[in-house]
1. How big is the Rg/Rh ratio for the chain, C-alpha atoms only, Rh by Kirkwood, two decimals?
2. Which of the lysines could a cross-linker span from K133 if the Cα-Cα distance has to be under 18 Å and same-chain partners fewer than 8 positions apart are dropped?
3. Please list M124, M10, M87 from largest to smallest accessible area, probe radius 1.4 Å, with all protein chains kept in place.
4. Quote the relative contact order of the stretch 96-159 in percent (integer), defining contacts as alpha-carbon pairs under 8 Å separated by 6+ residues.
5. What is the list of residues in the stretch 37-71 whose amide nitrogen lies under 19 Å from a point 7 angstrom out from the Cα of K131, following Cα to Cβ?
6. Percent antiparallel among DSSP beta bridges with both residues in the chain, to the nearest 5?
7. Excluding the sites themselves, what is the longest stretch of the chain that contains no trypsin sites (Lys or Arg not before Pro) in a DSSP loop with at most 13 other C-beta atoms within 10 Å?
8. What is the helix-to-structure angle for 7-23, meaning the angle in degrees between its Cα long axis and the longest Cα principal axis of the chain, kept from 0 to 90 and rounded to the nearest 10?
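The values are calculated or read from the model by the stated rules, or taken from the named source; none is laboratory data. Quantities reported herein were computed from a predicted structural model and do not represent experimental measurements. A quick note on method: Cβ atoms are made from the backbone with ideal geometry, for glycine too, and the neighbour counts reach across all protein chains shown. To get the accessible areas, we keep the full protein, side chains included, count just its heavy atoms, and leave off ligands, DNA and RNA. Shrake-Rupley method; radii C 1.70, N 1.55, O 1.52, S 1.80 Å.
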Amino acid sequence: MAFQPNSQFMYQAILSAEENLKFGKGGPFGACIVKNNEIIAIAHNTVLLEDATCHAEINAIRIASKKLGTWDLSDCEIYSTTEPCPMCFSAIHWANIGKIIYGTTIKDVQKLGFNELTISNHQMRVLGQSKLKLYPHFLRKECQLLLEQWKRCEHRQSY
């Protein structure tokens, strides 16, 4: 049976990002890591509070690794409200996560002023010969709403 992304998990990532928007901790980005249809980690971006590496995906990987007691997140998938940047894609690859499901794209957030490298996940996968499976544009409209909410935030800051 072919894999079908689950909207429940993307909504958890979206909720985390929405909560983050209330406090201005780092942007409209959320991530949820799932293993065997069970949520292992939910996180949002905390770049503005901590450091430049605290993207939602990295934060979720740290939580999941701690919870599972291993760096190896095989048999997991990650739901991300926006296509992971090259740093996050690499971390996902090295953690052995098998699937990335994302809503908006790197180009979408680049238009908002975020300092994104223009290397897509598809390009990273091909150039790096990664076996990661990609599921782009999942709940795209809902994830785009996060970007619209961010544009209206008084405390917004691109980085």
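1. Details: Rg = 14.2 Å, Rh = 15.2 Å.
Here Rg/Rh amounts to 0.93.
2. Output for K133: K35, K99.
3. On the way: M124 40, M10 0, M87 70 Å².
Order by accessible area, largest first: M87, M124, M10.
4. Working: 61 pairs, mean separation 31.0, N = 64.
RCO, the stretch 96-159: 48 percent.
5. 71
6. Numbers: 11 of 19 bridges.
Within the chain, antiparallel bridges account for around 60 percent of the total.
7. Details: sites that count: K111, K131.
Answer from the scan: 1-110.
8. For helix 7-23, the angle is close to 30 degrees.
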